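Structure first, commentary second.
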Amino acid sequence: MDGFDLIIFDCDGVLVDSEIIAAEVESGLLTEAGYPISAEEMGERFAGMTWRNILLQIEREASIPFSASLLDKSEHLLDLRLAQDVQAIPGVEFAVSRLPIKRCICSNSSTKRLDMMLTKVGLKPLFAPNIFSAKDLGPDRVKPKPDIFLHGASQMGVSPDKVVVVEDSVHGVHAARAAGMRVIGFTGASHSYPAHADKLTDAGAETAISRMNDLPGVVAALAAWDNVL
């Protein structure tokens, strides 16, 4: 496929339908701690952010000091829910089978959680060993910083300008664009909301899709358009 040498997938909300589970767990903990918020609002405002950065942002906005134990409590509860309930996004295997370019995963989730989720839903063989976690780079190098995308491209031996990224969050789109990569937004997971596609394109995605089955055609169209230019 002319135009791109690598496609990078985010994981949560793109390959696995995990963002809604995280939003349910985290909204419950925040509400108990004195910051009432729904799972739907969590998904719209904070999708793509680490739990630590969500807590820091809310502390700045609302001047509510959260207990440090919330970090560990959320991780434990979320791992239990994900191990039980997470499912693959429909159409991923179809899309991957029709994309004749290198592929990898670049995620804010930990390596351990990525391994658990991808193994549970049967997607790990499609990507292993090219599964990269921003947390392995350091605590301050998660999206919206571009570090994980640049790391993934480097590991795959591809220049950033030959990469297309599939992302479901504004923070992820910002990270990919800061890395010098083109972006396709994805709105097909359960945490999506009415203005989701508009927010992704406003952040820098060239287009947005709601079905993974549409991805191969969109990637081909973007590559062809680039060649025309």
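The values are calculated or read from the model by the stated rules, or taken from the named source; none is laboratory data. Owing to the predicted nature of the structure, the values given are computational and were not obtained by experimental measurement. Neighbour counts run over all protein chains shown; Cβ positions are idealised from the backbone, glycine included. Each accessible area value is taken on the protein alone, full model and side chains, heavy atoms only, with ligands, DNA and RNA left out. Shrake-Rupley method; radii C 1.70, N 1.55, O 1.52, S 1.80 Å.
Just need a number here: residues in region 160-184 that are closer than 18 Å to TRP51 by Cα, open to solvent by less than 10 Å² (accessible area, probe 1.4 Å) and not charged (D, E, K, R).
The qualifying residues number 3.
Taking the condition of being surrounded by fewer than 20 Cβ atoms within 10 Å (Cβ to Cβ) and aliphatic (A, V, I, L, M), how many residues in region 132-146 meet it?
Total satisfying the criteria: 1.
Does ASP202 satisfy being loosely packed, with under 15 Cβ neighbours inside 10 Å and in the same structural domain as ILE131 (by the TED database)?
yes
Determine if region 185-198 includes at least one residue that is on the phi > 0 side of the Ramachandran plot and either buried (at least 19 other Cβ atoms within 10 Å of the Cβ) or assigned to a loop (DSSP other than H, G, I, E, B) (or both).
The answer is no; no qualifying residue exists.
Counting only residues that are in a helix (DSSP H, G or I) and farther than 25 Å from SER190 by Cα, which one in region 43-71 is most open to solvent (accessible area, probe 1.4 Å)?
Restricting to residues being in a helix (DSSP H, G or I) and farther than 25 Å from SER190 by Cα, the top hit is ARG60.
Given the options GLY48, GLY34, name the one that is modelled with pLDDT under 95 and closer than 20 Å to ALA176 by Cβ.
GLY48 is the lone residue from the list that is modelled with pLDDT under 95 and closer than 20 Å to ALA176 by Cβ.
If you go through region 1-29, how many residues are surrounded by fewer than 21 Cβ atoms within 10 Å (Cβ to Cβ), part of a loop (DSSP other than H, G, I, E, B) and of a type in the set (Gly, Ala, Ser)?
Residues that pass the stated criteria total 1.
Does GLU40 qualify as being over 28 Å from PRO160 (Cβ atoms), within 19 Å of the chain's Cα centre (by Cα), surrounded by 16 or more Cβ atoms within 10 Å (Cβ to Cβ) and among the charged types (D, E, K, R)?
It is false that GLU40 is over 28 Å from PRO160 (Cβ atoms), within 19 Å of the chain's Cα centre (by Cα), surrounded by 16 or more Cβ atoms within 10 Å (Cβ to Cβ) and among the charged types (D, E, K, R).
Does region 72-131 hold any residues that are open to solvent by 80 Å² or more (accessible area, probe 1.4 Å), closer than 26 Å to ARG211 by Cβ and in a loop (DSSP other than H, G, I, E, B), and which are they?
Residues satisfying the conditions are GLN87, PRO90, ARG98, PRO100.
Which members of region 147-159 meet the condition of being crowded, with 20+ Cβ neighbours inside 10 Å and of a type outside the set (A, V, I, L, M, F, W, C)?
GLY152
Among VAL163, VAL218, which is the only one that is at pLDDT 95 or above and either out of contact with any Leu (no Cβ under 8 Å at 6 or more places or on another chain) or of a type in the set (D, E, K, R) (or both)?
VAL218
Pairs only if they're at least six apart or on different chains, beta carbon under 7 angstrom, first in region 57-85 and without any contact (Cβ under 8 Å) to a residue 12 or more places away in the chain, second part of a helix (DSSP H, G or I); list them, first residue then second.
PRO65/GLU59
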